[in-house]
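Since every read-out is calculated from the coordinates, none of them should be taken as a lab result. Quick caveat: nothing in here was measured; it's all calculated off a predicted structure. Using ideal geometry, Cβ is built from the backbone for each residue, glycine included, and neighbour counts are taken over all protein chains shown.
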């Protein structure tokens, strides 16, 4: 069968601006009548997982041909819960995790066979407060020290009460209790995204976006050592994700709804000039500059993806 060619992408006419790029013309890539709010792509470049939060229940859809066809591979989540986070291993498209809205703080489910079977991971322990909810999760690449699992799993949480910044960053798979979750003792903030950086098997560095009662910050930690940010020698960290003075234009814990982090493959935490990170956040607040930002070590540049009107 002949595959229609992709539509010609428009060329930006203004430097450093953005345009909408259409998808392939005529290819049936739509996942039925879906309300998809999470999407991850496997390392093979063709396996995609999407979370579809329908009014009745959440569905996990899987495509192994780049989105041409889809199959439901949903874990057995109890009725009334929705899937609020999802991650795929960066080196194995069959290892996927999702977190649901149980509790709080939520339950994490893991598949190692591409969704054919799922298992609930042990409950979160060691969190700072009871009223926290999982916001994001990530899966590390294969790591030789991660015995017996061969890799690590991370979630971050936020307190559900406005006026309280007391979330956590928690890792499963190694440490004093490799069969349980280990709190990374992050600064007292609400965390909405977290990521194992490329080269984690060598550097063991993670990143997380956290919000205080005033601002939103990007944090860095080497998981083999205590402390975070400047306490580990990362001068100038944490970095406020804003272009004005601290307290100026990034969301507080009461305003932020979600955030995201992306890191280039050549990221190197040991070299300040190679610490390039992309971060974005969504608050829906008119006074906050919701957007995507490039962070070059401690220098922040707004990318003007949505000119402050993310929603």
So how far apart, in nm, are the two label points at residue 68 and residue 296 if each is 7 Å from Cα heading toward Cβ?
4.2 nm
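Could you tell me which of rounded, prolate or oblate describes segment 39-192, using a ≥ b ≥ c as the square roots of the eigenvalues of the alpha-carbon gyration tensor, with rounded for a/c under 1.5 and, failing that, prolate when a/b is larger than b/c and oblate otherwise?
Verdict is oblate for segment 39-192.
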Note: residue 119 to residue 131 extended length (0.36 nm per residue) minus current alpha-carbon separation gives 1.9 nm
Once both labels are modelled 7 Å past Cα along the beta-carbon direction, what's the residue 39-residue 201 spacing in nm?
2.9 nm
Give the span of segment 122-302's Cα atoms along each principal axis, as three whole-Å numbers ordered largest to smallest.
48, 39, 24
For the pair residue 304 and residue 161, what calculated FRET efficiency results from E = 1/(1 + (r/R0)^6), where r is the Cβ-Cβ distance and R0 = 30 Å, to the nearest 0.05?
0.35
Relative contact order as a percentage, segment 122-302, C-alpha pairs under 8 Å and 6+ apart, gives 15 percent
Treat each spin label as a single point 7 Å out from the Cα along the C-beta direction, and report the residue 262 to residue 185 distance in nm.
3.5 nm
